[in-house]
Amino acid sequence: MANRSVVPFGPQHPVLPEPIHLDLVLEDEKIVEAIPKIGYVHRGLEKLVEKRDFNDFVYIAERTCGICSFMHGMGYVEAMERIFDAEIPPRAKYLRTIWCEMSRIHSHLLWLGLLADGFGFEALFYQCWRMREKVLDMFEEATGGRVIFSVNKIGGVLKDMPKEMLAKFVHNFNEIEKELKDLTEVFLTDYSVESRLRGVGILTRDDAIRLGAAGPMMRASGISIDTRSIGYAAYEDIDFDIVTSNDCDSYARCEVRIKEIFQSIEIIRQAVEKIPGGEISIDIKGNPKGEAFTRVEQPRGEAIYYCRANGTKFLERFRIRTPTFANLTPMLYTLKGAELADVPLLILTIDPCISCTER
Amino acid sequence: MASIMKFTSFALKNLFSKPVTKNYPAEEREYPARARGSLQCKIEDCIFCGMCQRKCPSGAITVDRKARQWSIDRMGCVQCENCVNHCPKSCLKMDVHYSEPDYNKVVTTLEGPPVAPKPELTPEKIAELKAAAAAKKAAAAKAKE
Ligand code: SF4
Ligand code: SF4
């Protein structure tokens with residue numbers, strides 16, 4: 001048996017955007033085991049629900065994560081709306097859908113950039129982030145925030161988007177789409193990119209089911225599940241096909257995410273076309289009592305929100321199951337048998353968001 | 001071979017185009033009207049009700065009704081705009097510009113203008129007020145008829 005050595009990896013590492021620590025047990029350059037450790041950015045946000053008015057808690061819920069902040073806020077308010085049994089105005093639903101998809105686009109562009117950075121293609125990294133910047137500018141114009149949007153409230157949304165703004169956004173997204181088409185060529189057919197991604201980190205369909213993968217990680221293994229198709233916000237009225245791939249490797253995950261960006265742009269176009277007029281929020285009176293679950297498709301996969309209220313203005317329990325948590329096990333599985341040089345890439349392909357996971 | 005050169009067109013384009021980044025801070029950034037930069041308070045209109053303090057999720061605002069003081073920990077504020085949405089006098093506003101950076105956590109305190117002293121009630125004044133009230137009552141009774 002070859003000599004075994006343990007290499008500590010993270011929580012501070014040049015390619016890691018998030019603090020995760022791994023003890024990598026190596027045999028020569030091959031990984032035989034990876035032992036994870038998280039807990040560096042725990043903030044106790046769930047516990048805070050007992051001390052903050054349920055209306056104001058949305059501002060805390062959306063601070064769970066800096067990338068999918070809108071959807072965290074939305075998951076919380078949708079759960080609360082279920083407890084109140086409130087039907088929000090259709091325009092608010094459409095606005096939420098548009099913002100959700102914009103979040104997905106900027107999150108996936110961020111990830112593509114990080115992936116390029118991960119395999120050492122800096123110029124490609126900047127190209128992706130340049131595009132993402134445009135999405136952030138649009139967010140700032142529509143909601144006032146670049147990262148945390150603070151536009152959700154229980155009963156609807158706080159800000160409306162006028163017609164001209166929507167038209168302008170669609171125009172901007174058309175431009176982004178054009179640029180992204182060229183960039184897709186690089187990601188999916190460039191020799192150097194392919195050589196780093198093809199056949200790396202295989203997660204077969206059966207393993208993905210057994211280990212409970214979520215989101216693009218799961219869809220890249222040929223499983224066609226997307227929470228958007230069960231319909232929350234305005235997704236019931238929107239036509240879209242679930243993007244999947246059967247390659248099961250890192251390349252497939254990259255492909256699925258790129259295709260999802262195009263899909264999101266298409267969803268935004270549809271939503272802008274169909275968006276009805278009218279109110280954007282309703283008043284909710286009284287204190288909540290009861291419990292509710294909601295499921296939301298985040299850029300990283302399915303997130304689950306649970307709220308339990310006891311008739312006072314403070315909730316009893318708030319819980320989030322984040323997609324990264326579900327994806328950690330498949331990640332550890334793909335690490336086994338991989339080369340040390342591929343570790344950063346394999347961690348990146350699940351699109352980890354450790355800060356969400358720890359809250 | 002061609003598949004190695006996929007990025008070349010981007011590289012060439014970038015080489016001959018203007019930078020995308022701004023020469024900040026020499027070149028000012030234009031903020032959109034909705035941008036949430038820093039919280040401003042029009043202290044003359046404030047009634048020190050403390051609503052903003054109760055609504056602030058990060059506990060950045062302190063209101064002292066007795067001393068007529070309103071203070072904010074700018075670095076504690078997360079720009080959520082919740083206080084702006086709940087102020088009954090609409091004296092809070094989000095400015096598009098961010099607050100100044102600092103080495104210390106400074107708390108900005110604003111003091112309201114002193115309240116004008118209540119006019120003293122002389123016997124003549126009381127009589128006058130009573131007469132006004134009686135006139136009003138009579139007018140109301142007449143209108144009813
Ligand atoms: S809510 Fe408005 S009026 Fe009341 S204390 Fe705050 S700033 Fe003053
Ligand atoms: S903007 Fe939000 S965090 Fe800042 S003072 Fe107002 S309520 Fe508090």
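The values are calculated or read from the model by the stated rules, or taken from the named source; none is laboratory data. Because the structure is a prediction, the values reported are computed rather than measured. For neighbour counting, all protein chains shown are included, and Cβ atoms are generated from backbone atoms with ideal geometry for every residue, glycine included. Each accessible area value is taken on the protein alone, full model and side chains, heavy atoms only, with ligands, DNA and RNA left out. Shrake-Rupley method; radii C 1.70, N 1.55, O 1.52, S 1.80 Å.
What to note about this one:
- Relative contact order for chain A, counting Cα pairs under 8 Å that sit 6 or more residues apart, in percent: 26 percent
- Cα gyration tensor shape for segment B:31-116, rounded if a/c is under 1.5, else prolate or oblate: prolate
- Among the listed pairs B:Lys22/B:Lys42; A:Lys51/A:Lys159; A:Lys51/B:Lys93; A:Lys153/A:Lys285; A:Lys285/B:Lys42, those with a Cα-Cα distance over 21 Å are B:Lys22/B:Lys42; A:Lys51/A:Lys159; A:Lys51/B:Lys93; A:Lys285/B:Lys42.
- Remark: the Cα gyration tensor places segment A:182-309 in the oblate category, a/c being 1.5 or greater and a/b not exceeding b/c.
- Length-normalised contact order of chain B in % [C-alpha pairs under 8 Å, at least 6 apart]: 25 percent
- Calculated [θ] (222 nm, deg cm²/dmol) that DSSP helices of n ≥ 4 give over the protein assembly as shown, each run adding -39,500 (n - 2.57): -13000 deg cm²/dmol
- If you take the Cα centroid of segment A:180-239 and the Cα centroid of segment B:79-145, the two points sit 58 Å apart.
- Taken residue by residue and averaged, Cβ atoms of other chains lying within 10 Å of the Cβ of B:68-81 number 2.
- Prolate/oblate/rounded label for the protein assembly as shown (Cα gyration tensor, a/c 1.5): prolate
- Between the helical axis of A:90-118 and the longest alpha-carbon principal axis of chain A there is an angle of about 20 degrees.
- Peptides ranked, highest mean first, by Cβ atoms within 10 Å: ranges A:259-268, A:149-158: A:149-158, A:259-268
- Centre-to-centre separation between the Cα atoms of segment A:160-178 and those of segment A:247-274: 17 Å.
- Looking at segment B:85-125, the trypsin sites (Lys or Arg not before Pro) that sit in a DSSP loop and have at most 15 other Cβ atoms within 10 Å of their own Cβ are B:Lys89, B:Lys105.
- Report note on the peptides B:17-28, A:344-355: ranked by the mean count of other C-beta atoms within 10 Å, highest first, their order is A:344-355, B:17-28.
- Ligands, DNA and RNA left out, the 1.4 Å accessible surface of the protein assembly as shown is 54% carbon and sulfur atoms.
- The mean number of Cβ atoms from other chains found within 10 Å of a Cβ in peptide A:140-147 is 5, as a whole number.
- Per-peptide average of other Cβ atoms within 10 Å, ordering B:107-114, A:229-236 highest first: A:229-236, B:107-114
- Net charge dipole size for segment A:42-322 [Lys, Arg +1 and Asp, Glu -1 on Cβ; Debye, nearest 20]: 920 debye
- Diffusion of chain B by Stokes-Einstein, at 10 °C in a medium of 1.306 mPa s and with Rh set to the Kirkwood radius over alpha-carbon pairs, works out to 76 µm²/s.
- Annotation: cysteines of chain A without a disulfide-compatible partner (Cβ-Cβ under 4.7 angstrom) are A:Cys68, A:Cys100, A:Cys128, A:Cys248, A:Cys254, A:Cys307.
- Loop sites in segment B:28-123: chymotrypsin sites (Phe, Trp or Tyr not before Pro), DSSP, at most 14 other Cβ within 10 Å: B:Tyr98, B:Tyr103
- Peptide B:47-58 is shielded by partner chain Cβ atoms: per residue, an average of 2 of them sit within 10 Å of its Cβ.
- Length-normalised contact order of segment B:31-116 in % [C-alpha pairs under 8 Å, at least 6 apart]: 42 percent
- Segment A:71-194 - charge dipole about Cα centre, Lys and Arg +1 at Cβ, Asp and Glu -1, debye rounded to 20: 500 debye
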